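Student: I'd like to ask some things about the structure below.
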Amino acid sequence: MQLTVIIGLLFSVVLGSGIVLSLRPKPAVIKMMLAFSGAYLLSVCVLELIPEIYFSLEERSGLFILAGFLIQLVLSYFSEGVEHGHMHTGHRTFTAPVLFSLVIHSFAEGMALGGDITHTDFGKALFAGILLHKVPIAIVVTSVLVSDNVKTPRMLGVLILFALSAPAGMWLSGLGFGDDLSEAIWVPILLAVVAGMLLHISTIILFESSHDHRFNAMKLLIILLGVAVALGVYFRL
């Protein structure tokens, strides 16, 4: 299972980059992909992660979820919004702080998948949400690199670093946690932090992926579809 998870994490970046380099998708298509992933992520957090976290951490859950939310807020400041699908500033330069923030975010997601968590139902749901999130983000990252006219060697270096960051986090957490989740006291804490980060990203995606923050019929349908898929996973349909 662990090898499957690692391959999935790597392939999500390859797929996103390949879509840009071969199909050159329109911004509207990318926004719809982001809206779906945002709706799914938000639903997974509410239906799967937060109840599981509260079961383990009880009243301390909110502290770590809030910490994750604030951590992602800081990362988004330096990354200029890449994690939720765009750059906040008017320029399109992929700077070192952008790359650093993106890698830290991806590394934290990977750490939450460490140990034996992907054998659990909520772990599988989290893994699916991360995959759905990484594909459009890889599309955005590659699009920015292309628009910056970044040379191929540097572009490959950035994409490889981004692709490896989640598996690296997963590997590191696996060293500390081992295979027995019952003894991994840091697992629910990491899950809470990542849940807070995903809550920040998903809500930003849902409210910023349309023009002037207005919902349209297509976006509404895409969001409802994302929620429906998450409900299907939750009820094991």
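The values are calculated or read from the model by the stated rules, or taken from the named source; none is laboratory data. None of the values given here were measured: they were computed from a predicted structure. Cβ coordinates were reconstructed from backbone atoms using ideal geometry, including for glycine residues, and neighbour counts include every protein chain displayed. With ligands, DNA and RNA removed, areas are computed over all heavy atoms of the protein, side chains included. Shrake-Rupley method; radii C 1.70, N 1.55, O 1.52, S 1.80 Å.
Student: Assess whether LEU175 counts as being farther than 21 Å from CYS45 by Cα, open to solvent by 20 Å² or more (accessible area, probe 1.4 Å) and at pLDDT 95 or above. So that I can check it myself, show each step before the final result.
Tutor: Values: farther than 21 Å from CYS45 by Cα: yes; open to solvent by 20 Å² or more (accessible area, probe 1.4 Å): yes; at pLDDT 95 or above: no.
Answer is no for this residue.
Student: If you go through the range 102-127, how many residues are more than 19 Å from SER202 (Cα to Cα) and either at pLDDT 90 or above or outside any helix (DSSP H, G or I) (or both)?
Tutor: 4
Student: Still on this structure, I have one more. Show the residue pairs that are 6+ apart or on different chains and have beta-carbon atoms under 8 Å apart, the first residue being within the range 205-223 and open to solvent by 70 Å² or more (accessible area, probe 1.4 Å), the second being modelled with pLDDT under 60.
Tutor: Within 8 Å, the pairs are PHE207/HIS213; ASN216/SER210.
Student: Could you list, in sequence order, all residues of the range 138-163 that are of a type outside the set (A, V, I, L, M, F, W, C), open to solvent by 20 Å² or more (accessible area, probe 1.4 Å), in contact (Cβ under 8 Å) with a residue 12 or more places away in the chain and out of contact with any Phe, Trp or Tyr (no Cβ under 8 Å at 6 or more places or on another chain)?
Tutor: Let us first name the residues in the range 138-163 that are of a type outside the set (A, V, I, L, M, F, W, C), namely 142-143, 147-149, 151-154, 157.
Filter once more, so that each one left must be open to solvent by 20 Å² or more (accessible area, probe 1.4 Å): 143, 147-149, 151-154, 157.
Now restrict to residues that are in contact (Cβ under 8 Å) with a residue 12 or more places away in the chain: 143, 147-148.
Once the filter is applied, which keeps residues that are of a type outside the set (A, V, I, L, M, F, W, C), open to solvent by 20 Å² or more (accessible area, probe 1.4 Å), in contact (Cβ under 8 Å) with a residue 12 or more places away in the chain and out of contact with any Phe, Trp or Tyr (no Cβ under 8 Å at 6 or more places or on another chain), the range 138-163 yields SER143, SER147.
Student: On to the next question. Hey, among ALA39, ALA35, which residue is more than 16 Å from GLY196 (Cα to Cα) and buried (at least 24 other Cβ atoms within 10 Å of the Cβ)? It would help to see each step written out before you state the result.
Tutor: Details: ALA39 fails: more than 16 Å from GLY196 (Cα to Cα).
Unique residue meeting the criteria: ALA35.
Student: Hey, among the residues in the range 128-163 that are of a type in the set (D, E, K, R) and in a loop (DSSP other than H, G, I, E, B), which one's farthest from VAL227 (Cα to Cα)?
Tutor: LYS151
Student: Continuing with this model, one more query. What single numbered condition from (1) among the aromatic types (Phe, Trp, Tyr); (2) within 28 Å of ILE222 (Cβ to Cβ); (3) free of Cβ contacts under 8 Å to residues at least 24 places away in the same chain fails to hold for PHE122?
Tutor: Checking PHE122 against (1) among the aromatic types (Phe, Trp, Tyr); (2) within 28 Å of ILE222 (Cβ to Cβ); (3) free of Cβ contacts under 8 Å to residues at least 24 places away in the same chain, the one that fails is (3).
Student: For SER12, which of the numbered conditions (1) open to solvent by less than 30 Å² (accessible area, probe 1.4 Å); (2) over 21 Å from LEU231 (Cβ atoms); (3) modelled with pLDDT under 95 fails to hold?
Tutor: Single failed check for SER12: (3).
Student: Within the range 144-166, does at least one residue satisfy the condition of being within 24 Å of SER43 (Cβ to Cβ) and modelled with pLDDT under 90? If you could, list the steps in order and put the result at the bottom.
Tutor: In the first step, residues of the range 144-166 are kept if they are within 24 Å of SER43 (Cβ to Cβ); the result is 166.
Those left that are additionally modelled with pLDDT under 90: none.
So far as the range 144-166 goes, no, none of its residues is within 24 Å of SER43 (Cβ to Cβ) and modelled with pLDDT under 90.
Student: Somewhere in the range 121-137, is a residue farther than 27 Å from VAL29 by Cα, β-branched (Val, Ile, Thr), touching a Phe, Trp or Tyr at 6+ places or on another chain (Cβ under 9 Å) and open to solvent by less than 20 Å² (accessible area, probe 1.4 Å)?
Tutor: Of all residues in the range 121-137, those farther than 27 Å from VAL29 by Cα come to 121-123.
Pick out the ones that are also β-branched (Val, Ile, Thr) and you get none.
No; the residues of the range 121-137 include none that is farther than 27 Å from VAL29 by Cα, β-branched (Val, Ile, Thr), touching a Phe, Trp or Tyr at 6+ places or on another chain (Cβ under 9 Å) and open to solvent by less than 20 Å² (accessible area, probe 1.4 Å).
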